[in-house]
1. Identify, from the list 84, 102, 71, 115, the residue that is assigned to a helix (DSSP H, G or I) and over 23 Å from residue 193 (Cα atoms).
2. Mind listing whichever residues of the range 124-142 are aliphatic (A, V, I, L, M) and modelled with pLDDT of 85 or more?
3. Yes or no: residue 187 hydrophobic (A, V, I, L, M, F, W, C), buried (at least 16 other Cβ atoms within 10 Å of the Cβ) and either modelled with pLDDT of 95 or more or closer than 26 Å to residue 170 by Cβ (or both)?
4. Condition (residue is touching a residue at least 24 places away in the same chain (Cβ under 8 Å) and crowded, with 23+ Cβ neighbours inside 10 Å) applied to the range 19-28: is it met by at least one residue?
Amino acid sequence: MTPGLELALVAMICFGAADLIYKRAAAEGVAAHHFVMVQAWCFSPSVTAYAFATGRMHLNAAAWWGALAGLFAFVGFYNFARSLRTGSVSRNAPIFRLNFTLTAALAVILLGERLTLAKTCGLGLALVAVWLLLGERGRDTSSSAGVNRASLIQVLSATAALGVSNFLYKVGLQAGATTETLLAAQAAVFMPLATLVAFVTDRAIKPPRATWLYAAHHRVHRLALWPRPRPGECPRAGGADGLRGDGVARDGAVPREA
């Protein structure tokens, strides 16, 4: 069996559960800016404390790539949460999780990574999957077409933003940053930005009570996927597939087809 396959399957299940939590929160009327803000409040302190506790927090110039990734990650998760307010999770979630196709394309174009026949076929099939999912919109009724079009624009914007965020993680790893440092740098940008957007939108910081339940559960699923480096393991720059679909880069990732 391919090494790490069992972890990839667990990750897939957790990602699916997390996306359902997004949709459930949207269905309960939780606004996107509230959800993203509270999830940042739950996750950012945890990830920063973990980085310090493991002794793998090394602030250097490469950490700025994590901060920049945090900006794009916020745009991605915020627009994804907004898209689920009126869109179908069965369509939007698979589109959103195909952000790795943009990451791979950027790695080939800007980092000179080799584009093999297998990678070309895999990326091509992913694009076909997006086209088939977008085809569902053609069967929408005229009364909901405008709403679905807005949802589609939001999820495509989210996919593009997270694809760029993933790529920035890759650049940060190549520059010598550790995973923990990049994520802590992301948190340092993501949490204040999410809080600022919520304050500007509401002129107050008053997330509904239901937001805490859904956002906390969502962050637990993310923390379940936290990388646990083996003793003595050093970060190595792998291929673009050394990045997980939520923008989390893995130290010591070995180039391998996803």
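1. Answer to the selection: 102.
2. 125, 128, listed by residue number.
3. yes
4. yes
Conditions tested, residue by residue: (1) modelled with pLDDT under 95; (2) farther than 28 Å from residue 59 by Cβ; (3) of a type outside the set (D, E, K, R).
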{"residue": "162", "(1), (2), (3)": "yes, no, yes"}
{"residue": "182", "(1), (2), (3)": "yes, no, yes"}
{"residue": "193", "(1), (2), (3)": "no, no, yes"}
{"residue": "196", "(1), (2), (3)": "no, no, yes"}
{"residue": "208", "(1), (2), (3)": "yes, yes, yes"}
{"residue": "211", "(1), (2), (3)": "yes, yes, yes"}
{"residue": "215", "(1), (2), (3)": "yes, no, yes"}
{"residue": "220", "(1), (2), (3)": "yes, no, yes"}
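The values are calculated or read from the model by the stated rules, or taken from the named source; none is laboratory data. Just so it is clear, the model here is predicted, and its values are computed rather than measured. Glycine gets a Cβ as well: all are built from the backbone with ideal geometry, and neighbour counts include every protein chain shown.
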